[in-house]
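A.B. asks: Would you mind keeping the following structure in view while I ask a few things?
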Amino acid sequence: MKINDFLFPENFYHIYNHSNGRINIFNSDDNFRFFMGRYKKYISPVADTYAWCLMPNHFHLLLRIKEENEIVEVMRKTNLKNKNLQGFCKLNSDDKINKVNLGGLQHIKFINQQFSNLFNSYTKSYNKFFNTRGNLFNQNFKRKVITDEDSIIRLILYIHNNPVHHKFTKEIGDWPYSSFHSYLSADYSLLHRNALTDHFDDLQNFIFIHKQENLIRGDITLEAED
């Protein structure tokens with residue numbers, strides 16, 4: 001992997017990917033919920049989520065990778081075996097990872113491994129249920145570093161507007177599989193707990209900004225139209 005293929009602590013990233021052949025891989029409520037359940041298991045421990053949207057054949061995420069010490073702690077609790085960090089360290093079943101032997105890129109490797117675990121886990125369950133074979137997702141998911149506040153806000157709007165952009169709904173709130181609804185609710189969700197106040201001040205401003213078409217249809221550049 002190239003250095004730019006890795007995800008680094010404390011950076012914001014726009015992560016997105018398509019299914020192989022653009023086939024639908026989220027075909028039911030159960031599929032959407034299962035994927036997000038796996039997301040909670042594998043990604044939430046290493047990243048704070050600020051926006052997400054699942055479409056039938058692709059997805060968008062805006063997240064911030066957690067600090068290095070937090071990831072190290074997750075690694076310690078996970079008690080990883082050698083196969084999950086091959087090429088970085090050697091562990092046996094009784095070993096525990098600690099800061100002493102965490103030189104180099106071991107925690108960086110672990111972050112990327114968590115995404116592989118997410119996609120592989122969903123693919124395995126999907127293929128078993130539908131009696132299919134092969135990879136569901138494009139091999140290399142897209143990732144783009146987001147470096148300024150304006151881009152973060154525009155990207156949240158872009159992600160929430162994706163169902164409207166692809167003509168699945170007429171209104172942002174009509175699509176059930178995005179974080180838009182989590183911003184409106186006080187219930188527990190996968191969103192970072194300060195996502196609303198960090199970037200929109202309050203709920204009223206969040207709703208107002210989502211009604212500004214000039215911002216929603218802003219200049220978000222992707223490698224391929226998604």
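Every number in this text was worked out from the coordinates using simple rules, so none of it is lab data. This structure is a prediction, so every number in the text was calculated from the model and none was measured. All Cβ positions, glycine included, derive from the backbone under ideal geometry; neighbour counts span all protein chains shown.
A.B. asks: Arrange Met36, Met75 by Cβ neighbour counts within 10 Å, fewest through most, would you?
C.D. replies: On the way: Met36 18, Met75 24.
Going from least to most buried by this count: Met36, Met75.
A.B. asks: Another question about this same structure. For a footprinting-style exposure proxy, rank Lys170, Lys41 by other Cβ within 10 Å, fewest first. Please report the intermediate quantities before stating the final value.
C.D. replies: Details: Lys170 9, Lys41 13.
Lowest count first: Lys170, Lys41.
A.B. asks: Which shape class applies to the stretch 98-208: rounded if a/c is under 1.5, otherwise prolate when a/b exceeds b/c and oblate if not, where a ≥ b ≥ c are the square roots of the Cα gyration tensor eigenvalues? Kindly include the intermediate steps, with their values, before the conclusion.
C.D. replies: Numbers: a/c = 2.11, a/b = 1.25, b/c = 1.69.
Here the stretch 98-208 falls in the oblate category.
A.B. asks: Non-local amide H neighbours of Ile146 (under 5 Å, H modeled in plane, Pro and chain starts lacking H): which ones?
C.D. replies: Phe12, Tyr13, His14
A.B. asks: State, to one decimal in nm, how far the label point of Ser185 lies from the label point of Glu171, with both points 7 Å from Cα in the Cβ direction.
C.D. replies: Inter-label distance under the simple model: 1.7 nm.
A.B. asks: To continue, here is another question. Determine, for Lys40, Lys128, the number of other Cβ atoms within 10 Å of each Cβ, and report the residues in order from fewest to most. Intermediate values should be presented prior to the final figure.
C.D. replies: Values: Lys40 14, Lys128 9.
Ranked by crowding around the Cβ, least crowded first: Lys128, Lys40.
A.B. asks: Return the tail of the calculated pair distribution for the stretch 156-207, meaning the percent of Cα-Cα pairs more than 12 Å apart. Spell out each step's value before the answer.
C.D. replies: Details: 845 of 1326 pairs.
Cα-Cα pairs of the stretch 156-207 separated by over 12 Å account for 64 percent.
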